[in-house]
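Only one structure is covered here, and it is reproduced in the block below.
The values are calculated or read from the model by the stated rules, or taken from the named source; none is laboratory data. This one's a predicted model, so the numbers in the text were calculated from it and none came from an experiment. For neighbour counting, all protein chains shown are included, and Cβ atoms are generated from backbone atoms with ideal geometry for every residue, glycine included. What goes into the accessible areas is simple: the full protein's heavy atoms, side chains included, and nothing from ligands, DNA or RNA. Shrake-Rupley method; radii C 1.70, N 1.55, O 1.52, S 1.80 Å.
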Amino acid sequence: MSADVLWPKAIRNAVKTGPDREIVSAYPYRNACSTSVWARLIDGASTSITFAGYTNYFVWQEHPRLAERLSAKAAAGCRVRFLVGDPESEVTRRREEIEGVPLTVSTRIQITLDALRKIDTAGVEAKFSDGHIALSVFTFDDEMLVTPHLSSLLGHESPMLHLRRLGDDGLYDRFASHVAALWEEGRPITAA
């Protein structure tokens, strides 16, 4: 039977049946997503958490005791990963010129690196990558927050999608594959 027979137009208009069914929510700005959504995703994840934002700066500011929470996750067997930009790279320098704000990209990265140094567990991994300067992907088991960065705007000014994995090769898998490739190519972060 065809999809039109199984899913008449009235039902297709009310129920997502295509690839967009993995979209839980869409936000015109990243900071339009409440911190309670982020907290639910962080605290609810049990197998893997990945922060693949270029600076990841804001998560430390918006989530109390994040280091302790992530350490506990890692100790319980959850894989916790951070993919951050290299504060010394040419990509970072160029982005600082574009943004032109006092709290520079390299400073925001250093705040994340400092927070990561204070986490006392081997279960939290971190690597440098410059390949995600225009796209932040945050994964929490089978849910994900994705921010495509617009032009000269800061991350919080760009839109964000909340995705939930529902099948193979959907939106979630496409973004997850991108992050996996960046992780494989990433450079280890050495203690400073």
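If you place +1 on the Cβ of every Lys and Arg, -1 on the Cβ of every Asp and Glu, and leave all else neutral, what size is the dipole of the chain about its Cα centre, to the nearest 20 Debye?
420 debye
If you put +1 on each Lys and Arg Cβ and -1 on each Asp and Glu Cβ, how big is the dipole of the range 39-124 around its Cα centre, in Debye rounded to 20?
Values: 12 positive and 11 negative charges, 72 e Å.
Value, rounded to 20: 340 debye.
Go ahead and estimate [θ] at 222 nm for the chain from helices alone: -39,500 (n - 2.57) per DSSP H run with n ≥ 4, summed, over the residue count, rounded to 500.
Values: 8 runs with 74 residues, N = 192.
That calculation yields -11000 deg cm²/dmol at 222 nm.
Can you work out the accessible area per residue across the chain, with the rest of the protein chains kept in place, probe 1.4 Å, in square angstrom? Show your work: numbers first, answer last.
Values: 10070 Å² over 192 residues.
On a per-residue basis, 52 Å².
Using amide H atoms built in the peptide plane, which far-off residues or other-chain residues are under 5 Å from Leu135 H to H?
It is His149, by chain and number.
With a 1.4 Å probe and every protein chain left in place, tell me how much accessible area Ser48 has, in Å² to the nearest 10.
Accessible area, nearest 10 Å²: 40 Å².
If contacts are Cα pairs under 8 angstrom and at least 6 residues apart, what is the relative contact order of the chain in percent?
29 percent.
GNM on the chain, C-alpha springs below 10 Å: top fluctuator among Pro64, Pro159, Pro148?
Pro64
Roughly how many percent of the accessible protein surface of the chain is carbon and sulfur, given a 1.4 Å probe and a whole-percent answer?
Numbers: 5430 of 10070 Å².
Roughly 54 percent, rounded to a whole number.
Select one label from [x] 1.01; [y] 0.94; [z] 1.05: the one whose number is Rg/Rh (Cα atoms, Kirkwood Rh) as derived from the coordinates shown.
From the options [x] 1.01; [y] 0.94; [z] 1.05, the structure gives [x].
Could you list the trypsin sites (Lys or Arg not before Pro) in the range 56-89 that lie in coil according to DSSP, counting only those with at most 13 other Cβ atoms within 10 Å of their Cβ?
The qualifying sites are Arg65.
Place a +1 charge on the Cβ of each Lys and Arg in the range 42-82 and a -1 charge on the Cβ of each Asp and Glu, then give the dipole magnitude about the Cα centre in debye, rounded to the nearest 20. Mind dumping the intermediate values first?
Numbers: 5 positive and 3 negative charges, 29 e Å.
Charge dipole of the range 42-82: 140 debye, to the nearest 20.
So which trypsin sites (Lys or Arg not before Pro) in the range 90-192 end up in coil per DSSP with only 13 or fewer other C-beta atoms within 10 Å?
Values: sites: Arg93, Arg94, Arg95, Arg108, Arg117, Lys118, Lys127, Arg164, Arg165, Arg174; in loops: Lys118, Arg165.
In loop regions of the range 90-192 (DSSP not H, G, I, E or B), the sparsely surrounded trypsin sites (Lys or Arg not before Pro) are Lys118.
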